[in-house]
Amino acid sequence: MRKPNILVARAVFPEVIARLEQQFEVEANQTDEMWSKVQFIEHLQGKEGAFTTGVERIDAEVLSACPQLKICANMAVGYNNFDIDAMTAAGVLATNAPDVLTETTADFGFALLMATARRLTESEHYLRAGKWNRWSYDMFAGADIHGATLGILGMGRIGQGIAKRGALGFGMKVIYHNRSRLDAGLEAECKARYVGKEELLKTADHLVLVLPYSPETHHTIGATELALMKPTATLINIARGGIVDDAALAVALRDKRIAAAGLDVFEGEPAVNPALLTVPNVVLTPHIASATMPTRLAMANLAADNLLAFFGGKEPVTPLNSAVLAIK
Ligand code: DGY
């Protein structure tokens, strides 16, 4: 029987490629060549499935150039690289990779919060530069985590994981804002109190962003919102670039409008706004919140599971636009 052919757009675990090869004709970009959109389309043409990694844009242009395409499985929980409406209109199923990365990403959110509030990287750079020659009472004094007010914007599974770490591990007071309020049981489990966005911005000592990116959430945090925050506050973005206006944030950090920021995601990444590189009170990491090998393997296997289920005539595990399945 003819095997469906699929494209794996970026280098991934060889064992996952081997799994896919049992059922599919696989073209795998294992040399991890960075393709332009035109090159991506060339490789995708004629393929019935795509294994994407969260950066390859699937939009109307790609879909009309690749009419054989039936499914794109993202190895990421975020799927702002997918134009879901265009995919649904073209009858192409989209899947993502939620849940398997929740705890790892929440761990990282907390690590970035602690590094930022306690000025870890700034002080390490100082030490490595050979500048440490005496003690002083205020040297790299930062902000406390324990007992502080933790604000969370976007209270999905990862936000809830961060809330629990803060409340149960560090005795923090947790407040959150979300499109929809959690039910009372979940709020109690997370020890989190729902507040309006303005109260969240004004009250949080540490504000963690975990909301999905969409045109509606573009620049959710800009100059106006930063001006509402406490001058002693820290801001952590592990959500997506574009949710924060990075240029406005660099100004706020330079002018000490807020104390510090920790950023794992950037507008236009892998490019980073050069102004952010000139301010010392920011911890910068290259989009690694889900980066542990077990979690990345689980994400890759989930994307593979979705492809295998779909072509095996079964319900995919984590579909985003199930309407497409109903039509088929
Ligand atoms: C995700 O899964 O969305 C993470 O940001 C990794 O890309």
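Among the residues of the stretch 108-124, write down those that are more than 12 Å from the ligand (Cβ to nearest atom), in a helix (DSSP H, G or I) and in contact (Cβ under 8 Å) with a residue 24 or more places away in the chain.
Those that are more than 12 Å from the ligand (Cβ to nearest atom), in a helix (DSSP H, G or I) and in contact (Cβ under 8 Å) with a residue 24 or more places away in the chain: Phe110, Leu112, Leu113, Met114, Ala115, Thr116, Ala117, Leu120, Thr121, Glu122.
For every residue, the table says whether it meets (1) of a type in the set (Ser, Thr, Tyr); (2) in contact with a Lys or Arg (Cβ under 6 Å, 6 or more places away or on another chain); (3) assigned by TED's automatic domain parsing to the domain that holds Leu201; (4) under 17 Å from Leu207 (Cβ atoms).
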{"residue": "Phe110", "(1), (2), (3), (4)": "no, yes, yes, yes"}
{"residue": "Ala117", "(1), (2), (3), (4)": "no, no, yes, yes"}
{"residue": "Thr121", "(1), (2), (3), (4)": "yes, no, yes, no"}
{"residue": "Leu127", "(1), (2), (3), (4)": "no, no, yes, no"}
{"residue": "Ser136", "(1), (2), (3), (4)": "yes, no, yes, no"}
{"residue": "Asp144", "(1), (2), (3), (4)": "no, no, yes, yes"}
{"residue": "Thr149", "(1), (2), (3), (4)": "yes, yes, yes, yes"}
{"residue": "Ile152", "(1), (2), (3), (4)": "no, no, yes, yes"}
{"residue": "Met155", "(1), (2), (3), (4)": "no, no, yes, yes"}
Sole exception among (1) in the same structural domain as Met139 (by TED's automatic domain parsing); (2) in contact (Cβ under 8 Å) with a residue 40 or more places away in the chain for Met87, by number
(1)
Criterion first (away from the ligand (no atom under 16 Å from the Cβ) and either surrounded by 18 or more Cβ atoms within 10 Å (Cβ to Cβ) or free of Cβ contacts under 8 Å to residues at least 24 places away in the same chain (or both)) does Pro67 satisfy it?
yes
Long-range neighbours under 6 Å by Cβ, at least six apart or interchain, first residue under 19 Å from Gly109 (Cα atoms) and not assigned by TED's automatic domain parsing to the domain that holds Ala167 within the stretch 208-233, second in a helix (DSSP H, G or I) and charged (D, E, K, R)
none
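Of all residues in the stretch 293-311, which are away from the ligand (no atom under 12 Å from the Cβ), under 30 Å from Thr116 (Cα atoms) and of a type outside the set (A, V, I, L, M)?
Pro294, the sole residue that qualifies.
Yes/no per residue for (1) surrounded by 15 or more Cβ atoms within 10 Å (Cβ to Cβ); (2) polar (S, T, N, Q):
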{"position": "Ile152", "(1), (2)": "yes, no"}
{"position": "Ala167", "(1), (2)": "yes, no"}
{"position": "Val174", "(1), (2)": "yes, no"}
{"position": "Arg181", "(1), (2)": "no, no"}
{"position": "Asp205", "(1), (2)": "yes, no"}
{"position": "Leu209", "(1), (2)": "yes, no"}
{"position": "Ile221", "(1), (2)": "yes, no"}
{"position": "Leu228", "(1), (2)": "yes, no"}
{"position": "Thr234", "(1), (2)": "yes, yes"}
Quick check: is even one residue across the stretch 225-232 charged (D, E, K, R) and in contact with a Leu (Cβ under 6 Å, 6 or more places away or on another chain)?
yes
List pairs: first in the stretch 308-328 and closer than 8 Å to Leu93 by Cβ, second modelled with pLDDT under 95, Cβ under 7 Å, 6+ apart or cross-chain?
Pro319/Leu325
Out of Met155, Met139, Met87, sole residue that is part of a helix (DSSP H, G or I) and away from the ligand (no atom under 16 Å from the Cβ):
Met87
Whether any residue in the stretch 118-136 is at pLDDT 95 or above, over 30 Å from Val282 (Cα atoms) and not small (Gly, Ala, Ser) is what I want to check.
no
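The values are calculated or read from the model by the stated rules, or taken from the named source; none is laboratory data. Just so it is clear, the structure is predicted and the values come from calculations on it, not from any experiment. Quick reminder, even Gly has a Cβ in these numbers, built from the backbone with ideal geometry, and neighbours come from all protein chains shown.
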